[in-house]
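Right, one structure below, let's go through it.
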Amino acid sequence: MDNQKLLYEISELNTLFREGTDIQGLLNKTVEMVASHTNSDVCSIYLYNNETNELVLSATRGLNPEAVGNVKLKLGQGLTGLALKEMRPVCEVDAANNPNYKYFPGILEEQYDCFLAVPIARGISKIGVLVLQRHKGENFSESDITVLEAAASQLVDIIENARFLMSIREPAGEREKNIDILPEEIKFVHGKIASEGFAYGPSAVFDKKKNLSSMMHRQFDEKYSLDDFHDAINKTSDQLEKLQEKVGQKLSDAASLIFTAHLMILQDKYFIGGIDELIKNGVNPPAAILKIAKNYIDSFATSENAYIREKIQDIEDLAIRLINNLLSESEDVIKVKGRIIIVKELFPSDLLILSSEGAAGIVLVGGTVTSHLSILASSLRIPMVVCNTYELLNLPDEIPVLIDAEIGNLYVDPTDEILERFESQQKARQTLNQQKLLMKPETITRDGTKVHLFANINLLADLKVACELRCEGVGLYRSEFPFMIRRNFPTEMEQYIVYSRLVQMVQGKPITLRTLDIGGDKTLSYYADTTEQNPAMGLRSIRFSLQNKPVFAEQIRAMLRAGANADLRIMFPMVSSIDEFRSAKEIVLECIDELRRKGIQHNSKPMLGIMVELPCIAELMDDFAKEAEFFSIGTNDFVQFMLGVDRTNENISSSYVPHHPSVLRALKKVVQSAIKNNREISVCGNMAHEEKYIPFLLGIGIRNLSMDPRYLPRIQQSISNIDITEAQETAETMLAQSSITGVSQILG
Ligand code: PEP
Ligand code: MG
């Protein structure tokens, strides 16, 4: 092979690429060049689509040109797929006889026996495969492999860019075309539960970008007038106001938030004026809307500010709504009500919109579900499953989908048998209403020991359920939710209103308000430090509050004012040292002093406590107990930080083991210290609602548990069957184990 010359010419290709040469032309030129320098009869490039896990023949010299775009291989399929899957060269002298060989009729490769494929990759990211083929007897040598590998690595940049550009130029809607038979792999998908529950309904792939770009490719035959456009504006604002009202009724803490930006844009003289102007100059209104929307999107897209970038979504959403109303097609495009929504990307504000529009369930494809997104979905009672089956994004609308988010299963176009099985399972499960009737005011073990059950509250809607279930108070209010569902920091007044509603609803029972817990995977769209290398260990939770004193003080004042006559407990998250606790306490005392001076009604003696979420607290518990008035163990983070396992990463979920011997022993140490020092201690992480852990927790002395309200009946029932002496023995046996396996055997 003419090694040096080939590499030189490839580097020249990059220049052509930057000069804007047509992508397909460039790929064709590449295969020509590689084939000729390597004396091969065939050279082909396959590009890998990581959404569909498919390799697509994208350019060839030597095979039937009609095969380009039509020959597709799954990762691992055929010799080409194998090369990429195993990230190694595959070299064969008699390709057709290899068991992994995949025959495609009509591509005319039968005549070539010698085969060489090398993966094109950047690090572990798969980009494509470069394939050479020759006639029988013209075997590829070791040095051919080395040269082709060098060529493949030179081609990474250019191919990566080509792949990207081809994917965005692919006209929207193209991908759905060929699906009349559902591929087997999407008929049943096992994903991760993000929010429990069941849902059955027609599918709807929700992709604003795609909807918008499909509109951009569309011809609008009918001519509309300026009056039609203004009618569409009125119709859109009416619809948005109605939706807003619905959200307000359902979620008072989110009231009047979601569509504020939309409504403002609808009144913006530049946005509407710009469209008016174009229409007056003869542009058809749908095209005018798209043009102005695109201008806005393009200028927002380059903004450094995440808050501005988020506005893109509002514009996209609004443009689609306006055009639908103009074309009177509102029923045709965004059908949400009763649908199983399949999405690739989801923001908390999307969830609120989907919930207000009556989505039955959500399938999040490929996205990571932040802990808060799944908590929000649970609070909104929308079943949600996360999976990596990208093919689902190509599912045509209106295909029946069943979500069983109790176990994370998804059935596409389920058979009658599956549906019947599901219905009978449904009947067997008690509904929340039935459970409410079973709930007793007190929770007592078999031997008569009292256990106190509290609720974890994220949205006010949770508290309604919690009160109906007669919880004994709020053990954890995640105060970041009003922050998360807004597009900017809520004011002191807004917070005061939400906290006051909470206080009113708990009717004198203890209420534990946790101060802002953001950072890590709990991000605010309007405040995210994207420069952090490791956000999980970055400026988060109490660290954020202490570094942003005005934000913290506003929150504390709102809590103190709302809790004027309440049994108020203020809890700091992620505290790592006595010093942090003291600094936070000092700010609370300053706020109390300020409110007193100003004569504003407030709670002057709230209990101040900490979340035990970082393992370092275990060693300092006796010291903390002298200063903090109560403790609540956040096992979700405690386990994450003790074991160094990301709680949201599905790939390592098997390493996230709450019953790891070290976790159990540390929990015992924490609990014993609190008891010895006469301090209240509770568990408010997910371990508190997992029945299998209850004997252990009671066994080490826990008497207060706080959980998502819907688990209350189940846990109360479970506790009534436990004998404390037996639970202590079980806990001791578990604590004596040194391995996870040992503990697992006891848990059964
Ligand atoms: C925890 O870490 O266990 C906890 C309850 O807090 P959050 O889930 O909000 O991080
Ligand atoms: Mg936590």
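Longer than 23 Å from Cα to Cα, which of LYS549/LYS605; LYS5/LYS29; LYS294/LYS337; LYS5/LYS72; LYS72/LYS294; LYS626/LYS676 are they? Say none if no pair is.
In this structure, LYS294/LYS337; LYS5/LYS72; LYS72/LYS294 lie more than 23 Å apart at Cα.
Charges only on Cβ, +1 for Lys and Arg, -1 for Asp and Glu: so what's the dipole of the chain about the Cα centre, in debye to the nearest 20?
Dipole magnitude for the chain comes out near 2600 debye.
As I understand it, the value is the acute angle between the Cα axis of helix 549-562 and the longest principal axis of the Cα atoms of the chain; what does it come to in degrees, rounded to 10?
Between the helix axis and the principal axis of the chain, the angle is about 50 degrees.
If eta is 1.567 mPa s and T is 4 °C, what Stokes-Einstein diffusion coefficient results for the chain, Kirkwood Rh from Cα pairs, in µm²/s?
Roughly 44 µm²/s, to the nearest whole number.
Taking H placed 1.01 Å from N in the peptide plane, check which residues at least 5 places from ALA194 or on another chain put their amide H under 5 Å from its amide H.
Under 5 Å from the amide H of ALA194: MET384, VAL385, VAL386.
Would you mind getting the accessible area per residue of the chain, heavy atoms of the protein chains only, 1.4 Å probe, in Å²?
In whole numbers, the chain has 44 Å² accessible per residue.
Report in % the part of the accessible area of the chain that belongs to carbon and sulfur, leaving out ligands and nucleic acids; probe 1.4 Å.
It is 49 percent, rounded to a whole number.
Read phi for every residue in the stretch 378-384 and hand back ³J(HN,Hα) as whole Hz from Karplus 6.51 cos²θ - 1.76 cosθ + 1.60, θ = phi - 60°, with x for Gly and Pro.
5, 5, 7, 6, 10, x, 9
So how tilted is helix 285-301 from the main axis of the chain? Cα-based, degrees 0 to 90, rounded to 10.
Helix 285-301 sits roughly 70 degrees off the main axis of the chain.
Would you calculate the convex hull of the Cα atoms in the stretch 600-700 and tell me its volume per residue in Å³?
127 Å³
So if each residue of separation counts as 0.36 nm, and I subtract the Cα-Cα distance between GLU12 and GLU277, what length gain in nm does that give?
Going from the current span to full extension adds 90.8 nm.
I want the local charge near ASN234. Using Cβ-Cβ distances under 15 Å, sum +1 for each Lys or Arg and -1 for each Asp or Glu among the other residues.
Surrounding charge for ASN234 is -3.
Kindly express, to the nearest 10 degrees and within the range 0 to 90, the angle between helix 306-326's C-alpha long axis and the longest C-alpha principal axis of the chain.
Approximately 70 degrees, to the nearest 10.
With labels modelled as points extended 7 Å from the Cα through the Cβ direction, what inter-label distance (nm, one decimal) is found for MET505 paired with ASP723?
4.0 nm
Choose one of LEU380, VAL671, VAL363: the residue whose Cα lies farthest towards the positive end of the charge dipole of the chain (beta-carbon charges +1 Lys, Arg; -1 Asp, Glu; about the Cα centre).
The one lying farthest along the dipole's positive direction is VAL671.
For all pairs of alpha-carbon atoms in the stretch 493-595, what percent lies in each bin of width 10 Å, listed from the first bin to the last filled one?
For the stretch 493-595, the binned pair fractions read 14, 44, 33, 9, 1 percent.
Report LYS136's accessible area, 1.4 Å probe, all protein chains in place, as a number in Å² to the nearest 10.
For LYS136, solvent-accessible area is about 150 Å².
Just the number, please: percent antiparallel of the DSSP beta bridges in the chain, rounded to the nearest 5.
Close to 55 percent.
Apply the Karplus curve 6.51 cos²θ - 1.76 cosθ + 1.60, θ = phi - 60°, to the phi angles in the stretch 732-740 and return the couplings in whole Hz, x for Gly and Pro.
Taking θ as phi minus 60°, the curve returns 4, 5, 5, 5, 7, 7, 9, 10, 4 Hz for the stretch 732-740.
Thinking of the stretch 3-167 as a set of Cα atoms, what percent of all their pairs are more than 21 Å apart?
Tail of P(r) above 21 Å: 39 percent of Cα pairs.
How much length is gained if the chain between ASN139 and LEU108 is pulled fully straight, taking 0.36 nm per residue apart and subtracting their Cα-Cα distance, in nm to one decimal?
9.3 nm
In percent, how large is the relative contact order of the chain, given Cα pairs closer than 8 Å and 6 or more residues apart?
Normalised by residue count, the contact order of the chain is 10 percent.
I need the calculated FRET efficiency for the pair VAL93 and GLN24, taking r as the beta carbon distance and R₀ as 35 Å, to the nearest 0.05.
Between VAL93 and GLN24 the formula returns 0.65.
At R0 = 35 Å, how high is the FRET efficiency between GLN434 and ILE746 if r is their beta carbon distance? Nearest 0.05 is fine.
0.60
Quick check on the chain: helices-only [θ] at 222 nm, where DSSP H runs of length 4 and up contribute -39,500 (n - 2.57) each and the sum goes over total residues. Nearest 500, please.
Result for the chain: -14500 deg cm²/dmol, rounded to the nearest 500.
The values are calculated or read from the model by the stated rules, or taken from the named source; none is laboratory data. Remember, predicted model here, so these are calculated numbers, not experimental data. In this analysis, Cβ positions are derived from the backbone assuming ideal geometry, glycine residues included, and neighbour counts consider all displayed protein chains. Heavy atoms of the whole protein, side chains included, go into the accessibility calculation; ligands, DNA and RNA do not. Shrake-Rupley method; radii C 1.70, N 1.55, O 1.52, S 1.80 Å.
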